[in-house]
Amino acid sequence: MIIYECLLELHDNLFFATREMGRFYETSSAIHNYSITYALGFAGYNKNFPISNYSCDEQIPKYKDDLSDMFLYVTPAKPLDIKFDFNTFKFGEANYYLTSTVGPEQARKLGVTSSNQPSFGKVKEISVGSTFSFFILSENELFIPKWIRLGKWMSKAELNVNKIELSQSNIKEGEYFVNHPLNPLDIHKNNKLINFDIIAMPPSSLINNATLKGEYIEFETANKKTMKLPANLKYTF
């Protein structure tokens, strides 16, 4: 197996609607592994189609169809050094048109106004220059792009990659701690979760600072730190 250690640096502000509170939209500090997999162009990489044939014809998520039977796996991204910006934007609405048959009370229920009043929202974005790390586990050699785009604004991000070759000696078993976000749906049933913190976000919440028991992979990162990840990670729905 090959592990690609990826350092991601933002060259634009990054926005995901992780949490919506009225007209305030917040971006989480972690990036979901589904988002990164799509951004890398890996959706559709499976044993039948080793080259991605992905295309999106409608704005309906099809995670199971796009990510099942993959010969690779991408972890969520952990924030290393991040800052946030708060920005206001104007909604592109045309709901201020009001006919004479609709009274003020009914108009409020319909969400329209009787005058041309602009509607504004506020977003919490991750700032330019923020950095993240994530890992790609693959059975085969992969081409990792230097640049990707992420989030609602298709924000530009740069990748720097460190390739790590694994052997059987990297596979261990026992109780271990993972200081990296994980998607709990993707952890093999042979690994038992003991305790963890929850990162609430759609489409499935992540976990962090997890203690597990079972089979895991242990390896050294580019900065000479020991990293542990559950063995047999796989997109599961």
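The values are calculated or read from the model by the stated rules, or taken from the named source; none is laboratory data. It should be emphasised that the depicted structure is a prediction, and the values quoted were computed from it without experimental measurement. For neighbour counting, all protein chains shown are included, and Cβ atoms are generated from backbone atoms with ideal geometry for every residue, glycine included. For the accessible areas, the whole protein counts, side chains as well, though only heavy atoms, and no ligand, DNA or RNA atoms are used. Shrake-Rupley method; radii C 1.70, N 1.55, O 1.52, S 1.80 Å.
Restrict the check to the range 220-237 and report whether at least one residue is within 18 Å of Leu72 (Cα to Cα), assigned to a strand (DSSP E or B) and either open to solvent by 80 Å² or more (accessible area, probe 1.4 Å) or touching a Ser or Thr at 6+ places or on another chain (Cβ under 9 Å) (or both). Yes; the residues of the range 220-237 include at least one that is within 18 Å of Leu72 (Cα to Cα), assigned to a strand (DSSP E or B) and either open to solvent by 80 Å² or more (accessible area, probe 1.4 Å) or touching a Ser or Thr at 6+ places or on another chain (Cβ under 9 Å) (or both).
Could you check, for the range 109-119, whether at least one of its residues is at pLDDT 95 or above and either of a type in the set (Gly, Ala, Ser) or assigned to a loop (DSSP other than H, G, I, E, B) (or both)?
Step one: filter the range 109-119 for residues at pLDDT 95 or above, giving none.
Taking every residue of the range 109-119 in turn, none turns out to be at pLDDT 95 or above and either of a type in the set (Gly, Ala, Ser) or assigned to a loop (DSSP other than H, G, I, E, B) (or both).
Hey, any hits in the range 79-87 for a residue that's part of a loop (DSSP other than H, G, I, E, B), touching a Phe, Trp or Tyr at 6+ places or on another chain (Cβ under 8 Å), more than 30 Å from Asn140 (Cβ to Cβ) and at pLDDT 85 or above? Let's see the steps before the verdict.
Keep residues of the range 79-87 that are part of a loop (DSSP other than H, G, I, E, B), which gives 82-83.
From what is left, the residues that are touching a Phe, Trp or Tyr at 6+ places or on another chain (Cβ under 8 Å) are 82.
Keeping just the survivors that are more than 30 Å from Asn140 (Cβ to Cβ) gives 82.
Remaining after also requiring at pLDDT 85 or above: 82.
Yes; the residues of the range 79-87 include at least one that is part of a loop (DSSP other than H, G, I, E, B), touching a Phe, Trp or Tyr at 6+ places or on another chain (Cβ under 8 Å), more than 30 Å from Asn140 (Cβ to Cβ) and at pLDDT 85 or above.
From the list Ala157, Ala210, which one is farther than 21 Å from Leu14 by Cβ, of a type in the set (Gly, Ala, Ser) and at pLDDT 95 or above? So that I can check it myself, show each step before the final result.
Numbers: Ala157 fails: farther than 21 Å from Leu14 by Cβ.
The match here is Ala210.
For the range 163-186, the criterion of being assigned to a loop (DSSP other than H, G, I, E, B), touching a residue at least 12 places away in the same chain (Cβ under 8 Å) and touching a helix residue (DSSP H, G or I) at 6+ places or on another chain (Cβ under 7 Å) is satisfied by at least one residue. Screening Glu158 against (1) open to solvent by 30 Å² or more (accessible area, probe 1.4 Å); (2) touching a Ser or Thr at 6+ places or on another chain (Cβ under 8 Å); (3) under 25 Å from Ser29 (Cα atoms); (4) in contact (Cβ under 8 Å) with a residue 24 or more places away in the chain leaves a single unmet condition, (2). Give the residue, chosen from Asn223, Asn191, that is closer than 30 Å to Asp12 by Cβ and of a type in the set (S, T, N, Q). Going through Asn223, Asn191 in turn, just one is closer than 30 Å to Asp12 by Cβ and of a type in the set (S, T, N, Q): Asn223.
A search for C-beta distances below 8 Å between a residue of the range 2-16 that is at negative phi and assigned to a strand (DSSP E or B) and any residue that is of a type in the set (Asp, Glu) and open to solvent by 40 Å² or more (accessible area, probe 1.4 Å), counting only pairs 6+ apart in sequence or on different chains, returns Ile2/Glu139; Ile2/Glu141; Ile2/Glu165.
The set of residues in the range 174-207 being among the charged types (D, E, K, R) and at pLDDT 95 or above consists of Glu175, Asp186, Lys192, Asp197.
Candidates in the range 204-218 are the residues that are touching a helix residue (DSSP H, G or I) at 6+ places or on another chain (Cβ under 8 Å) and either open to solvent by 10 Å² or more (accessible area, probe 1.4 Å) or among the basic types (Lys, Arg) (or both); of these, the one that is nearest to Asn179 (Cα to Cα) is Glu218.
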